[in-house]
Amino acid sequence: MSKRLPHLSEPSKMECRTFDLDIKKSGCVDHCQYGLNKICYVVNNQYRENSPSRIAKKNRNWKLANSKDFVRVLTAEIRLTKQRLFRFFQSGDFFDLEFFKKVMQVCANLPKVDFWIPTTRDDLLNEFLLNGGVIPKNATIRLSAPKPNIPFHKGIIEFYSKWKNVTFSETTTDPKLATCKASIENSTCGNCEDCWGYANPNHTKTVYLLHGKKAMKNFKNMDLQ
């Protein structure tokens, strides 16, 4: 554990730090079809997720996320990384509107950092936006499609088109439809920064290839209706 950055993780796949939460405590495993059907990469990576250091970090993060000190502490830690990219939720998700607002404030506090925030919580996003909330210009919220091989309805994309930093991701089992090179090759992200969205002003979707033996096995048993 870094004493200076006790709440941040450093995934091997990406060249940036992340803030992660436990998928059970944040509720995403029970809210998301990927979690419920055990095709989520976090669910299928229990060797990493159940390591003592990983569990300890997620417990610290859960305590901080529910604390009045979250914005101050996380702003300070991200600033210490001196990195221009940051990702929320390599695991976990928004769990209530108050936490959603806290994350938006962290992004606003660090205008020189670009934030990528994948989420399935369109309900919290809608509540935030329809009550006048403003997503900072340096934050890209990427809504995740509920199920593999089922694209977002055109009407949903049109609805969110008024917010230029809300965009989308889908998963597919067809390599020809995937746009994420790292998911196709099962490699690191390298220099690719498409998921952050600032180079993607027209709401172009990112399509990830579903991969992994466990994910594919459980996908075949999944009800796609």
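Values in this text are rule-based calculations from the coordinates and carry no lab data. This structure is a prediction, so every number in the text was calculated from the model and none was measured. For neighbour counting, all protein chains shown are included, and Cβ atoms are generated from backbone atoms with ideal geometry for every residue, glycine included.
Just from its helices, what would the mean residue ellipticity at 222 nm be for the chain, if runs of 4 or more DSSP H residues each count -39500 (n - 2.57) and the sum is divided by every residue, rounded to the nearest 500 deg cm²/dmol? Estimated from H runs of four or more residues: -9500 deg cm²/dmol. Dipole magnitude for the stretch 93-225: about 260 debye, using +1 per Lys or Arg Cβ and -1 per Asp or Glu Cβ, origin at the Cα centre. Applying both filters, DSSP loop and at most 14 other Cβ atoms within 10 Å, to the trypsin sites (Lys or Arg not before Pro) of the stretch 81-129 gives K82, R84, K112. Would the chain count as rounded, prolate or oblate if I go by the C-alpha gyration tensor, calling it rounded below 1.5 in a/c and otherwise prolate when a/b exceeds b/c, oblate otherwise? Judged from the Cα gyration tensor, the chain comes out rounded (a/c under 1.5). Residues in the stretch 109-117 carry Karplus couplings, in order, of 6, 10, x, 8, 10, 9, 10, 10, 10 Hz; the curve used is 6.51 cos²θ - 1.76 cosθ + 1.60 with θ = phi - 60°, and Gly or Pro positions show x. The stretch between W163 and K213, if pulled fully straight at 0.36 nm per residue, gains 14.3 nm over its current Cα-Cα span. A straight Cα-to-Cα reach below 16 Å connects K82 with the aspartates and glutamates E10, E15, D114, residues fewer than 8 places away in its own chain not being considered. If both residues of a DSSP beta bridge must be in the chain, then about 5% of such bridges are antiparallel.
Projecting the Cα positions of F128, S51, T172 onto the charge dipole of the stretch 17-219 (unit charges on Cβ atoms of Lys, Arg, Asp and Glu, taken about the Cα centre) puts S51 furthest along the positive direction.
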